[in-house]
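J.: Structure in structure tokens, see below.
The values are calculated or read from the model by the stated rules, or taken from the named source; none is laboratory data. Quick caveat, the model's predicted, so the values are computed rather than measured. Here the Cβ positions follow ideal geometry from the backbone for every residue, glycine too, while neighbour counts run over all protein chains shown. The accessibility values were calculated without ligands, DNA or RNA, using every heavy atom of the protein model including side chains. Shrake-Rupley method; radii C 1.70, N 1.55, O 1.52, S 1.80 Å.
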Amino acid sequence: MASDSGSADEPAATSAPGQREADLRLRLALDAAEIGVWEYDLPSGKLTWDKRVREVAEAGDDAEPSWEGDFLPVLHPEDRDEVVAAFQKLVVQGDGADLSVECRIVGRRTGRTTWAALEGRALHADDGGLRIIGTARDVTDQRQATEALHQYNERLEQRVAEVVAERQLWVDMFEQSDDPVAAVNPDLRVIAMNRAYAESFRHLFGAELRLGDDLKDALAHMPQARAVSVHLWGRALAGETVEIPRSREAGADGAFYDIKFRPVRDREGRIVGAFQYSRDVTQRVRANERVREAQDVLQRAQKMEALGQLTGGVAHDFNNLLQVISGNLYLLTKEVPGNERAERRINNALAAVSRGSKLASQLLAFGRRQPLEPKVVNLGRFIHGMDEMLRRALGEEVELETVVSGGLWNTLVDPSQIENAILNLAINARDAMSGRGRLTLEAGNVALDDDYARQNGEVTPGQYVMVAVTDTGAGMLPEVIARAFEPFFSTKEEGKGTGLGLSMVYGLVKQSGGHAKIYSELGAGTTIKLYLPRAMETEDVLAVQTSAPVHGGSETILVAEDDEEVRETAIALLSELGYHVLRAPDAASALAIVESGVAIDMLFTDVVMPGPLRSPDLARKAKERIPDIAVLFTSGYTQNSIVHGGRLDPGVELLSKPYTREALARKIRHVLANRAQRSAVPEPAAPAITAEVDRPGADLTVLLVEDDEVIRASTAAMVAELGYAVIARGDGQAALEALEAHEIDVLMTDRGLPGLSGDDLAREALAKRPALAVIFATGAAVAVPDPGLNAVYLIKPYRLADIGNALEQAASRRQQVDAR
């Protein structure tokens with residue numbers, strides 16, 4: 001132990017030469033190893049340290065250091081407790097115990113921190129005290145290296161954790177995605193992919209793809225696909241983002257995908273791979289396609305509607321002109337008897353009028369303004385009945401084959417119009433085959449489903465009777481098909497056709513609630529299919545047209561027509577037929593004549609006339625003043641006055657312009673004959689009943705709706721006499737209120753009610769009471785049944801027995817409904 005004033009780096013003067021040499025060698029070794037020496041005497045608390053330790057602690061050379069005053073203060077506060085505990089443990093262990101502790105020494109002047117490794121041993125002194133002798137080694141570099149290594153390991157562990165997490169994220173994204181996803185390394189080896197990508201690859205390329213596979217090898221059997229794939233992946237590996245919108249390459253089922261190739265970079269921005277993501281956009285594409293298709297359908301419908309409005313208006317004026325020409329020509333024939341030359345010219349002019357009339361009729365048909373008289377028809381029998389006419393029209397060089405399916409359904413269509421349509425299609429087919437080939441006429445049952453309806457606008461899903469005309473001609477281009485139904489569009493040479501044949505067919509089918517479709521291929525021929533809605537009623541017996549000679553009469557006819565030339569022509573024709581004729585330029589003037597009290601047998605009125613009073617209202621008011629007056633409408637363009645749903649209103653008689661003298665004469669006699677038949681039936685005498693007649697014990701309750709007070713009272717009395725309870729009302733609204741307040745079994749209504757019509761009343765009543773039986777009272781000689789109403793028709797004038805029969809039929813139909 002050195003003295004208090006001594007220093008460990010100065011050997012004692014009393015040392016022997018050998019000892020001094022040993023101390024010097026030790027000092028040199030310690031200096032070379034940068035190890036300082038220190039000694040701590042516990043009894044005195046004095047501390048002795050050499051030059052190196054003083055330098056680290058930044059202590060002066062003359063200082064006499066102590067444990068409390070010098071050593072503890074230079075220890076780093078965070079290490080002080082650990083060092084003190086180590087020394088205390090050494091003291092407890094006593095002589096021979098070793099000390100080893102690392103701590104930070106903070107320089108007194110600069111605050112520089114040095115890591116020191118303190119190592120020492122406890123020894124007993126001669127006086128029995130305990131002293132500790134040790135060394136201090138600078139381990140700052142080692143500690144910094146260790147700390148750097150530790151931090152590096154921490155960062156490495158963190159990055160490993162991040163990579164693992166990122167990889168798991170990619171794996172989860174890949175596996176959970178329903179869209180194909182894959183990634184490759186710069187060598188085009190697959191390093192990640194999901195199940196959707198593997199399945200898509202197998203479907204597209206017919207090969208299995210596994211992780212680690214080289215894409216170039218996997219596509220070796222498909223050189224073109226291999227080249228495209230390598231090119232796209234290569235662009236991504238070169239740093240480019242490649243996008244391919246709406247591609248169908250990623251799906252074998254016709255699906256659409258947005259495909260994207262992107263590079264994958266590390267933290268330093270270096271490209272380490274690429275990935276492909278294919279997003280399924282099929283629903284979006286399909287939705288956009290449906291929107292475009294709907295827009296196209298709407299545009300076509302608007303175009304056809306505009307053309308229909310135009311052609312309908314043109315046809316109206318054209319028919320009026322034709323009526324004047326034809327009427328005067330017919331009158332002229334009476335003035336040139338025996339003059340063959342004049343008669344021949346008149347006949348030529350009449351033939352031209354007939355062709356013009358047909359042209360106007362086709363215009364009206366396209367515009368869906370043609371008044372139809374539909375019948376329940378079996379088109380199989382109907383087509384067989386046309387066989388001879390078709391063969392004459394087609395000629396010997398065209399082979400005609402008719403194929404009709406068994407169990408063919410009925411359809412509701414105007415027989416004369418569908419005959420013209422089939423004949424038009426056959427003649428078009430003949431022309432397409434240049435008069436030589438094979439024409440097949442088919443009829444069968446089909447069901448158009450929702451998918452077909454979505455793909456073809458304006459089609460209602462359901463059951464249809466299909467008529468198809470197929471030829472072996474040259475076929476049509478797509479742009480020709482798109483315009484084939486337009487009026488005046490034709491691919492024939494000039495003068496070979498009007499371009500109205502197919503437009504007439506189209507208008508008829510649409511007006512009948514059906515659908516028309518063209519299928520064609522260049523060099524293979526054309527098929528035009530007409531779909532007409534199925535009718536559930538039994539087939540109507542079609543009347544055979546008669547060619548009996550015409551004759552006139554002596555009745556009084558009131559002619560209401562705003563066109564002066566047409567009016568004068570009609571008056572001349574009627575006068576020539578022997579009728580007494582009154583004239584009126586508009587509906588108001590005609591009503592004034594009716595109200596004058598003059599005897600009138602028939603009102604012959606144009607449908608469309610100027611002024612506040614409409615022709616249908618004129619007819620109704622005339623019937624109110626003269627109950628047995630007959631009414632005949634005439635028009636070249638009916639609009640919606642007496643035609644609804646493309647059909648004449650029940651009980652309405654119409655003579656279309658232009659008409660011939662013979663057609664006018666026959667129609668006049670037909671309408672007057674019906675009037676005479678009704679007038680021959682005497683009205684039953686009955687008390688006036690305007691409210692309710694109730695018979696206790698009656699089986700059925702009848703709601704009678706009639707706007708004519710006298711007819712309502714007499715009919716209510718007859719119904720009550722038959723043993724039924726009856727509730728009578730004068731209009732449709734009052735009838736609906738009665739329906740809500742009473743239990744009604746049978747609705748018996750006039751069809752020509754003011755305001756809410758009888759038909760509309762029946763529909764609303766059936767919506768409220770589906771089991772309700774319906775009886776229509778009508779003045780029409782032949783009623784066109786509405787299949788949705790399942791009504792019984794009672795023709796005016798009716799007798800007690802007629803009412804009884806109608807009520808029995810209604811009761812029977814109600815029982816059938818209840819049974820179902």
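J.: Identify, from the list D258, D266, D213, D217, the residue that is open to solvent by less than 50 Å² (accessible area, probe 1.4 Å), modelled with pLDDT of 85 or more and not hydrophobic (A, V, I, L, M, F, W, C). Walk me through it before giving the result.
T.: Values: D258 fails: modelled with pLDDT of 85 or more; D266 fails: modelled with pLDDT of 85 or more; D217 fails: open to solvent by less than 50 Å² (accessible area, probe 1.4 Å).
Result: D213 is the single residue among D258, D266, D213, D217 that is open to solvent by less than 50 Å² (accessible area, probe 1.4 Å), modelled with pLDDT of 85 or more and not hydrophobic (A, V, I, L, M, F, W, C).
J.: Scan the range 120-149 and report the pairs whose first residue is in contact (Cβ under 8 Å) with a residue 12 or more places away in the chain and closer than 13 Å to E102 by Cβ and whose second residue is assigned to a helix (DSSP H, G or I) and β-branched (V, I, T), with Cβ atoms within less than 6 Å and a gap of 6+ or a chain change.
T.: Filtered contacts from the range 120-149: A136/V53.
J.: Of the residues that sit in the range 224-242 and are within 39 Å of the chain's Cα centre (by Cα) and in contact (Cβ under 8 Å) with a residue 24 or more places away in the chain, which one is most open to solvent (accessible area, probe 1.4 Å)?
T.: L232
J.: Does any residue of the range 430-443 turn out to be open to solvent by 20 Å² or more (accessible area, probe 1.4 Å), closer than 10 Å to V469 by Cα and modelled with pLDDT of 85 or more?
T.: yes
J.: For the range 303-333, what are the residues that are open to solvent by 80 Å² or more (accessible area, probe 1.4 Å) and modelled with pLDDT under 65?
T.: K303, E305, Q309, L310
J.: Look through the range 448-500, keep the residues that are open to solvent by 30 Å² or more (accessible area, probe 1.4 Å) and of a type in the set (F, W, Y), and return whichever of them is modelled with the lowest pLDDT.
T.: The qualifying residue modelled with the lowest pLDDT is F488.
J.: State all residues of the range 48-85 that are modelled with pLDDT of 80 or more and aliphatic (A, V, I, L, M); if no residue qualifies, say none.
T.: Within the range 48-85, V53, V56, A57, L72, V74, L75, V83, V84, A85 meet the criteria.
J.: One residue is enough: does the range 707-725 have a residue meeting the conditions modelled with pLDDT of 90 or more and either assigned to a strand (DSSP E or B) or open to solvent by less than 30 Å² (accessible area, probe 1.4 Å) (or both)? Explain how you work it out, then say what you get.
T.: Let us first name the residues in the range 707-725 that are modelled with pLDDT of 90 or more, namely none.
No, the range 707-725 contains no residue that is modelled with pLDDT of 90 or more and either assigned to a strand (DSSP E or B) or open to solvent by less than 30 Å² (accessible area, probe 1.4 Å) (or both).
J.: Between L582, L558, which is farther than 30 Å from Q463 by Cβ, open to solvent by 30 Å² or more (accessible area, probe 1.4 Å) and part of a strand (DSSP E or B)?
T.: So the residue among L582, L558 that is farther than 30 Å from Q463 by Cβ, open to solvent by 30 Å² or more (accessible area, probe 1.4 Å) and part of a strand (DSSP E or B) is L582.
J.: Can you name every residue in the range 269-302 that is surrounded by 12 or more Cβ atoms within 10 Å (Cβ to Cβ) and at pLDDT below 75?
T.: The first filter runs over the range 269-302 and keeps only residues surrounded by 12 or more Cβ atoms within 10 Å (Cβ to Cβ), leaving 271-282, 284-286, 288, 290, 293-294, 296-298, 300-301.
Matches in the range 269-302: R290, E293, A294, D296, V297, L298, R300, A301.
J.: Does A2 qualify as being at pLDDT below 55 and closer than 23 Å to A125 by Cβ?
T.: yes
J.: Is it true that R392 is at pLDDT 85 or above and among the basic types (K, R)? Quick ask: steps written out before the conclusion?
T.: Working: at pLDDT 85 or above: no; among the basic types (K, R): yes.
When the stated conditions are applied, R392 does not pass them.
J.: Quick check, is W67 under 17 Å from G45 (Cα atoms) and surrounded by 15 or more Cβ atoms within 10 Å (Cβ to Cβ)?
T.: So W67 fits the description; yes.
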